[in-house]
Amino acid sequence: MALLFLSPDDPADTWRAELQARIPGLDVRTWPQVGDPADIDLALVWRAPPGELGRYPNLCAVLSLAAGIDGLIADPDLPDVPIARMVDPSLTRTMTEYVLLAALRHHRKFDRFERAQRAREWAYAFPPQAADRRVGLMGLGELGSAAARALVAHGFQVLGWSRSPKVLDGVVSYPGRSELHAFLHRTDILVCLLPLTSDTVGILDAATFAELPHGACVINVARGQHLVENDLVEALDSGHLGGATLDVFREEPLPRGNPLWDHPKVLVTPHVASYSVPATAADGVAANIRRALAGEPLLHQVDRARGY
Ligand SMILES: NC(=O)c1ccc[n+]([C@@H]2O[C@H](COP(=O)([O-])OP(=O)(O)OC[C@H]3O[C@@H](n4cnc5c(N)ncnc54)[C@H](OP(=O)(O)O)[C@@H]3O)[C@@H](O)[C@H]2O)c1
């Protein structure tokens, strides 16, 4: 029994040490030094090259190092085995920080003051109170619901759009497509925390922006393919949207020629909104290794038909 570790971004040695502290003797093989592919039972992965996971004939489960598994299930060679996505307190905490910071930056007009400073303008203006600002979260799952709680604690009016109805203190729930219109109409700061699926691809487009109130801001921390970049630029340039904070892009790294880099109303961050650390995330991964080897259902198992 061996675990394949494959990620261009995560620290292989730290992961091995954290997992072996929980499962003594666990055989962890770091890609591409895999040895015999038939030894591999489990894979812990992020950004696996397409086709790679089809090479292991005895693979019985895939554990994702990320919360989003859209890249994994887009691979036509991915074997039909259970997939678990990453759920980890550090991932949730860092996403909550980012969403709160970005929402506060738009709320307190720091984006406008940054532009005004570059023009040496004393742009005196008070924002409304947080209680008068409406923050709408698309996606109220692990990450969206934690961000919603922090926004409520800060005093914002908080709305959430999800597939199923939610009961969360201080959050008004708008379930399903039929509620999207009402949700968008009441949202001053829109946060996208949806999984990327066939239902949600391109959801941040001209039609969605047109439903938002004049001056609304958009924060995309989900996937770049949720956003139609040209529609965003047009909505910002027309003055309908007040600003945007973008952490994820259709092409990453964002190409140097992309107009979003220079747009005065856009803040670009390099897909760093949240991250998990092995010291906390290894508990859940170790639990899933034991479950997979015992033939039990995984924690946070993905519904492949639903796409998340
Ligand atoms: N930028 C970064 O650094 C970063 C880091 C981590 C994650 N992410 C992104 O964040 C996403 C969310 O992560 P998560 O752990 O919170 O996911 P999750 O727990 O699976 O939650 C997904 C939420 O989206 C809702 N949803 C899904 N499809 C929908 C649809 N068609 N219409 C309305 N609502 C829909 C779900 O509704 P139900 O609750 O009704 O099912 C759920 O509330 C990930 O998929 C990933 O793309 C980005």
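The values are calculated or read from the model by the stated rules, or taken from the named source; none is laboratory data. Bear in mind that the values here come from a model prediction, so they are computed numbers and not experimental data. Backbone-built Cβ (ideal geometry, glycine too); neighbour counts: all protein chains shown.
Of all residues in the stretch 140-164, those being within 8 Å of the ligand (Cβ to nearest atom) and crowded, with 24+ Cβ neighbours inside 10 Å number 5.
Per-residue answers, yes or no, for (1) outside any strand (DSSP E or B); (2) more than 12 Å from the ligand (Cβ to nearest atom); (3) under 20 Å from Ala102 (Cβ atoms):
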site: Lys166; (1), (2), (3): yes, no, no
site: Tyr174; (1), (2), (3): no, no, no
site: Leu180; (1), (2), (3): yes, no, no
site: Thr187; (1), (2), (3): yes, yes, yes
site: Pro195; (1), (2), (3): yes, no, yes
site: Ser198; (1), (2), (3): yes, no, no
site: Val201; (1), (2), (3): yes, no, no
site: Ala207; (1), (2), (3): yes, yes, no
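Yes/no matrix, rows are residues, columns are (1) aromatic (Phe, Trp, Tyr); (2) in a helix (DSSP H, G or I); (3) over 24 Å from the mean Cα position of the chain (by Cα):
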position	(1), (2), (3)
Met95	no, yes, no
Arg112	no, yes, yes
Tyr124	yes, no, yes
Ala131	no, yes, yes
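For the criterion of being at pLDDT 95 or above, buried (at least 20 other Cβ atoms within 10 Å of the Cβ), under 23 Å from Val272 (Cβ atoms) and aliphatic (A, V, I, L, M), Leu63 passes.
Among the residues making up the stretch 242-268, those that are in contact (Cβ under 8 Å) with a residue 40 or more places away in the chain and closer than 14 Å to Met95 by Cα are Thr245, Asp247.
Output the residue which, of all residues in the stretch 250-280 that are away from the ligand (no atom under 12 Å from the Cβ) and among the aliphatic types (A, V, I, L, M), is surrounded by the fewest Cβ atoms within 10 Å (Cβ to Cβ).
First, pick out the residues of the stretch 250-280 that are away from the ligand (no atom under 12 Å from the Cβ): 250-251, 253-268, 277-280.
So of that shortlist, the ones also among the aliphatic types (A, V, I, L, M) come out as 254, 260, 266-268, 277, 279.
Details: Leu254: 18, Leu260: 19, Val266: 19, Leu267: 18, Val268: 15, Val277: 17, Ala279: 13.
Per the criteria, the residue is Ala279.
For the stretch 209-234, taking the residues that are charged (D, E, K, R) and over 15 Å from Leu260 (Cα atoms), the one that is nearest to the ligand (Cβ to nearest atom) is identified as Arg223. Pairing each residue of the stretch 170-190 that is on the phi > 0 side of the Ramachandran plot with any residue that is part of a loop (DSSP other than H, G, I, E, B), provided the two are 6+ apart or on different chains, yields C-beta distances under 7 Å for Gly176/Arg163. The set of residues from the stretch 154-178 being touching a Gly at 6+ places or on another chain (Cβ under 8 Å) and of a type in the set (A, V, I, L, M, F, W, C) comprises Val158, Leu159, Trp161, Leu168, Val171, Val172.
Checked against (1) in contact (Cβ under 8 Å) with a residue 60 or more places away in the chain; (2) within 30 Å of Phe209 (Cβ to Cβ), Ala286 passes all but condition (2). Between Gly54, Gly71, the distinction of being surrounded by 16 or more Cβ atoms within 10 Å (Cβ to Cβ) and either in contact with a Ser or Thr (Cβ under 8 Å, 6 or more places away or on another chain) or part of a helix (DSSP H, G or I) (or both) belongs to Gly71 only.
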